[in-house]
Amino acid sequence: MTVYNSACDVSQPQEGHRLTDIPAHDPFVLADSSTGTYYLYTGAVPSLHGVASYGVLTYTSQDLESWKGPYLVFTVPENSWAHPQHGAWAPEVHAYKGRYYLFVTLHNQERKLDGEPVQGYEKHWRGTVIAVSDSPAGPFEMINPEAPVVSSTQMTLDGTLYMDEQDEPWMVYCHEWIQTIDGTIEAVRLDADLSTAIGEPMTLLQASSAPWLSQQQHAPEDQEISVYVTDGCQLYRTSGGKLMMLWSSYEGDSYVQTIARSISGTLAGPWEQLEPLVKEDSGHGMLFQTFDQQWMLILHRPFDMPASRCYLYEIEDTGDRFRLKHSIATL
């Protein structure tokens with residue numbers, strides 16, 4: 001049964017949406033200063049958005065209050081390694097060398113990987129791909145439709161672009177707990193046109209390194225396994241030059257938005273875990289600056305769709321870290 005409505009139907013883009021109107025998961029905002037437009041990206045779901053296949057959509061705004069859309073900017077192609085009916089997670093768009101690059105995690109549950117299921121979850125192809133467009137409004141075309149950026153033997157997700165101190169591009173991403181048990185955040189160098197990974201990935205941190213983290217899913221009686229989740233990694237520098245990493249995990253059964261800081265100031269770390277920023281079943285956030293240079297955090301809660309909505313928070317840059325100032329709710 002069709003459940004989408006005018007707030008999320010791509011065949012009927014409209015003006016005047018508030019964030020409270022928009023079902024959204026893993027939100028990402030690109031502030032495009034050339035046009036004075038904010039682009040909010042989230043996944044396109046057939047049952048919600050009136051689309052034939054999974055993909056990515058965007059809403060646009062000039063003030064972060066009133067939004068227009070949705071507009072479909074990417075569809076999982078039929079001729080790629082990914083299955084068009086198996087999801088598109090965590091889209092984000094970065095301006096790079098005069099073009100716009102979409103990072104999005106795709107899946108193919110029919111292409112199995114070795115290993116027994118973990119707590120009922122089977123191992124299969126899952127990984128971030130990169131697509132490119134001349135406009136933040138798309139359409140975006142996959143650079144390599146044959147395989148994800150990281151080896152297809154590894155279940156990875158939530159890839160993001162990071163430019164290091166030498167202005168070299170990296171993809172930072174999460175390695176799925178279904179394979180690792182203790183989920184990790186890893187990084188791999190990219191070539192200059194973002195088409196290929198270079199060299200071997202390095203591990204930045206493990207989920208269990210967060211001291212506030214309790215065991216996230218208690219093992220069944222016949223298994224001696226407790227798992228730890230990494231999700232939604234993003235990297236930023238403070239005005240004082242500190243390298244910070246947003247990421248999400250679970251405390252008990254509750255989704256948590258947390259943050260870490262690199263002691264060395266470089267991607268290699270080591271990374272120290274700070275206190276979580278937001279709990280309340282909230283996570284997969286990212287930071288952006290408004291056109292008047294105010295830092296903002298956007299995240300989603302609750303975890304499950306279609307109830308999930310975006311929440312905005314003002315963030316203070318102390319030079320040493322990012323701190324939560326206050327919530328602007330969902331506007």
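The values are calculated or read from the model by the stated rules, or taken from the named source; none is laboratory data. Bear in mind the structure is a predicted one, so any value in this text is a computation, not a measurement. Glycine also receives a Cβ, built like all others from the backbone with ideal geometry; neighbour counts cover every protein chain displayed. Ligands, DNA and RNA are excluded from the accessible area calculation, which covers all protein heavy atoms including side chains. Shrake-Rupley method; radii C 1.70, N 1.55, O 1.52, S 1.80 Å.
Some values worked out for this structure:
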{"read-out": "Choice from 256, 29, 51 showing the highest fluctuation, given a GNM over the chain with Cα pairs closer than 10 Å", "value": "51"}
{"read-out": "Accessible surface, region 19-129, averaged per residue in Å² (probe 1.4 Å)", "value": "37 Å²"}
{"read-out": "Choice from 166, 289, 14 with maximal GNM fluctuation in the chain (Cα, 10 Å cutoff)", "value": "166"}
{"read-out": "Highest-MSF residue in the chain out of 63, 292, 191 [GNM, Cα springs under 10 Å]", "value": "292"}
{"read-out": "Pairwise Lys count, the chain - Cα closer than 26 Å, eight or more residues apart or different chains", "value": "5"}
{"read-out": "Accessible-area value, residue 146, 1.4 Å probe, nucleic acids and ligands omitted, Å²", "value": "130 Å²"}
{"read-out": "Sum of side-chain charges, residue 193 neighbourhood, beta-carbon under 10 Å (Lys, Arg +1; Asp, Glu -1)", "value": "+1"}
{"read-out": "Protein accessible area in the chain, 1.4 Å probe - carbon and sulfur %", "value": "46 percent"}
{"read-out": "222 nm mean residue ellipticity, helices alone, for the chain (DSSP H n ≥ 4; -39,500 (n - 2.57); rounded to 500)", "value": "-500 deg cm²/dmol"}
